[in-house]
Amino acid sequence: MIEHYQVLAELEREFPELTPELEDTECKRNMYRQLSCFARFTNRFIDQQDLAQVRRCFQHANHLWQHVDQRVQAALQNSYLYALHLYQNSQLSMQLRILLGPALTRCAQQLTYAQLP
């Protein structure tokens, strides 16, 4: 099981190009900020429609989701999924939901439905 204090090392190991952003003092100390940084990183690929890199990010997000406790899952839901640009246009949105996978898609939908009046 990946503990909350291991999230930073996991992200740096999987995405070395993200390390400079993660090394910011505020990010180093806060798992929520680390996952927000990961969301910004993923959004760059979503905005560029680079689906190969989006898939890579989503695969790691799924890996984290499956191997962490509820505390880290809550951070993934609130800091990562909430910040993703999943609803750009209908065709891209459909592709993103497929790439995201069933577990994280359900979480993203729960966030969306929770905001409805």
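Bear in mind that the values in this text are calculations on the coordinates, not laboratory data. The structure displayed is predicted, hence computed values, not measured ones. Note that we place each Cβ from the backbone using ideal geometry, even for glycine, and neighbour counts take in every protein chain shown.
General remarks:
- Relative to the longest principal axis of the Cα atoms of the chain, the long axis of helix 51-66 lies at roughly 60 degrees.
- Take every pair of alpha-carbon atoms less than 8 Å apart whose residues are at least six positions apart; their mean separation over the length of the stretch 4-114 yields a relative contact order of 26 percent.
- Charging the Cβ of each Asp and Glu at -1 and of each Lys and Arg at +1, and nothing else, the dipole of the chain about its Cα centre rounds to 360 debye.
- Residue among Gln110, Met31, Ala61 farthest towards the positive dipole end of the stretch 4-114, charges placed on Cβ: Gln110
- Take the Cβ atoms of Gln59 and Ile2, set R0 to 22 Å, and the FRET efficiency comes out at 0.90.
- Orientation-averaged projected area, Cα convex hull of the chain (nm²): 7.2
- CD proxy at 222 nm, helix term only [per DSSP H run n ≥ 4: -39500 (n - 2.57); per residue of the chain; nearest 500]: -20500 deg cm²/dmol
- In the chain, taking the dipole from charged Cβ atoms about the Cα centre, the farthest positive-side position among Ile98, Gln70, Leu11 is held by Ile98.
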